[in-house]
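We did not get these values from a lab; they are worked out from the coordinates using the rules stated. All figures in this text were calculated on a predicted structure; none of them were measured in a lab. Methodologically, a virtual Cβ is constructed for each residue, glycine included, from the backbone with ideal geometry; neighbour enumeration extends over all protein chains shown.
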Amino acid sequence: MTARDGLEAAVAAGLAVPSPPDAATAAAEALARDIAARHGDAVAAVLFYGACRRDGDASGLLDLYVLTTGHCAFHGRAAPALLNAALPPNVVLWRCEGPHGPVRAKVAVLTEGQFERRMRPGSLDATLWARFCQPSTLVHARDDAARRRVERAVARAVETAVRWALRLEPGARTPAEHWRGLFARTYAAELRAERGGRPERLLSAAPDWYDRVFPLALARIGSLPRRQGAWASRRVVGKALNVARLAKAAFTFEGGADYLAWKVERHSGVAVHLTDWQRRHPLLAAPAVLWRLRRRGAVR
């Protein structure tokens with residue numbers, strides 16, 4: 001087993017469950033145990049990230065990523081396995097009893113290999129590395145090998161983020177300026193329902209993390225990053241993938257249409273009222289709903 005460099009060591013410390021865990025992390029651990037109990041060794045790791053992690057809010061809808069050893073091993077059926085192979089991740093709503101009552105999470109599922117490939121600078125899908133260069137918590141690892149694999153992948157996400165930050169924000173003078181510009185770009189590369197100021201909120205939630213990992217990633221890079229392809233192509237691909245994933249979720253995610261409406265309202269402040277017809281035919285309804293939301297400034 002290779003030794004950790006400075007970035008991997010910082011990532012490993014950042015991924016560790018705090019002692020004692022706050023309410024949200026304890027709830028995420030309970031969910032991870034329930035998922036692992038249901039799916040056994042097919043679950044390699046479970047990562048907790050997102051707004052509830054930042055706020056320590058166990059009452060909200062937690063965000064988990066489940067990394068699996070294989071689609072068939074986890075899903076057990078051909079249809080969801082094929083869908084996840086073609087357009088990851090699959091998303092499910094998970095509920096269980098937590099330490100202080102019922103908890104629930106939006107659970108994204110993909111394989112370890114899919115996760116790792118999307119951490120590379122050359123990946124056209126910037127969604128994953130843009131998420132996991134931010135702080136997250138590893139609430140379950142099947143064994144030490146799975147833990148180290150996640151640590152290496154998340155370190156690669158940070159390295160990829162810094163590479164792109166250097167290229168996209170060459171005039172930035174501080175790590176914070178690089179991160180702020182990068183997050184503005186990555187959110188613009190997705191179909192996002194967000195209020196303004198999202199990059200600033202991310203930075204203010206964990207300033208020590210961003211200040212610490214930036215120079216460590218820079219040391220790993222060693223020089224100005226080599227050409228990584230055009231950012232414009234990632235913006236086009238990112239929006240297209242978001243639309244495709246929303247369409248897939250509407251059919252495969254139980255209660256998906258109502259979840260998406262809740263997500264839009266939570267992040268944009270714009271209420272979305274769905275008709276019964278729109279719930280039954282989410283794909284047919286999507287163009288008109290998206291157009292209305294764009295006109296109201298709820299999505300960009």
Legend entry - Listed peptides 209-220, 129-140, 91-102 by packing density, highest first (mean Cβ within 10 Å): 129-140, 209-220, 91-102
Legend entry - Cα gyration tensor shape for the stretch 6-232, rounded if a/c is under 1.5, else prolate or oblate: prolate
Inset, instruction - Work out the FRET efficiency for Arg148 and Ile221 from their Cβ-Cβ distance, taking R0 = 25 Å, and round it to the nearest 0.05. - result: 0.70
Legend entry - Cβ crowding within 10 Å averaged over residues, with 109-116, 201-208, 55-62 ranked highest first: 109-116, 55-62, 201-208
Legend entry - Net charge of neighbours whose Cβ lies under 10 Å from the Cβ of Arg53, counting Lys and Arg as +1 and Asp and Glu as -1: -3
Inset, instruction - Can you tell me the FRET efficiency between Arg120 and Arg292 if r is taken as the Cβ-Cβ distance and R0 is 45 Å, rounded to the nearest 0.05? - result: 0.75
Inset, instruction - At 0.36 nm per residue, minus the direct Cα-Cα distance, what do Thr174 and Asp22 gain on full extension? Give it in nm, one decimal, please. - result: 51.6 nm
